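Peer 1: Let me give you the structure first, and then I'll get to my questions.
The values are calculated or read from the model by the stated rules, or taken from the named source; none is laboratory data. Please read all numbers here as calculations on a predicted model, not as lab measurements. Cβ atoms come from the backbone with ideal geometry, glycine included; neighbour counts cover every protein chain shown.
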């Protein structure tokens, strides 16, 4: 099972790919996509689409995991993030993969044990779960958020599979 966690943003989008195989959980890839704020909106959406299409195909992703969005102070930002989320839904449909969403509190609780954790606390726990990221200096919080989003998606998927096994007995 390979899960792509995405923390979408119009200037930088964090992503992480987590794989669970034979009981071992591994961080296969992580980073961020930087989009130029000077590029036209349609160009940025096109770049976003191609970038994540390639990730899905290169890593044989089985699930995309997102954080549910919330309306903050800026409705324009909320609307534009909806475009990116729509692209991820389209990619999930085109590749016949599941897309799941969890609330920020659910993600924080899954990773740190507290739904009220700060971004820095999430980053700290992510670095403990996947020590390979400690080697990266000044890791962006949108990347560690994406790692947490993917990890939460993995936990939810594992719970669902366990429940199906128990139910089928």
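Peer 1: Of all residues in segment 54-68, which are in contact with a helix residue (DSSP H, G or I) (Cβ under 8 Å, 6 or more places away or on another chain) and in contact (Cβ under 8 Å) with a residue 40 or more places away in the chain?
Peer 2: Within segment 54-68, 56, 61, 63, 64, 65, 66, 67 qualify.
Peer 1: Any chance you could count how many residues in segment 58-68 are exposed (fewer than 15 other Cβ atoms within 10 Å of the Cβ) and either assigned to a strand (DSSP E or B) or more than 13 Å from the chain's Cα centre (by Cα) (or both)?
Peer 2: Within segment 58-68, residues that are exposed (fewer than 15 other Cβ atoms within 10 Å of the Cβ) and either assigned to a strand (DSSP E or B) or more than 13 Å from the chain's Cα centre (by Cα) (or both) number 2.
Peer 1: Go through segment 57-82 and give me each residue that's farther than 17 Å from residue 143 by Cα and at pLDDT 95 or above.
Peer 2: 57, 58, 59, 60, 61, 62, 63
Peer 1: So, of the residues in segment 35-57 that are part of a helix (DSSP H, G or I) and in contact with a strand residue (DSSP E or B) (Cβ under 8 Å, 6 or more places away or on another chain), which turns out to be surrounded by the most Cβ atoms within 10 Å (Cβ to Cβ)?
Peer 2: Quick first cut of segment 35-57, residues part of a helix (DSSP H, G or I) only: 41-57.
Imposing the further condition that a residue be in contact with a strand residue (DSSP E or B) (Cβ under 8 Å, 6 or more places away or on another chain) reduces the set to 47-48, 51-52, 55-56.
Details: 47: 15, 48: 21, 51: 15, 52: 23, 55: 19, 56: 21.
By that ranking, first place goes to 52.
Peer 1: Can you pull out every residue in segment 69-123 that is without any contact (Cβ under 8 Å) to a residue 12 or more places away in the chain, surrounded by fewer than 16 Cβ atoms within 10 Å (Cβ to Cβ) and not in a helix (DSSP H, G or I)?
Peer 2: 71, 72, 73, 74, 96, 113, 114, 115, 116, 118
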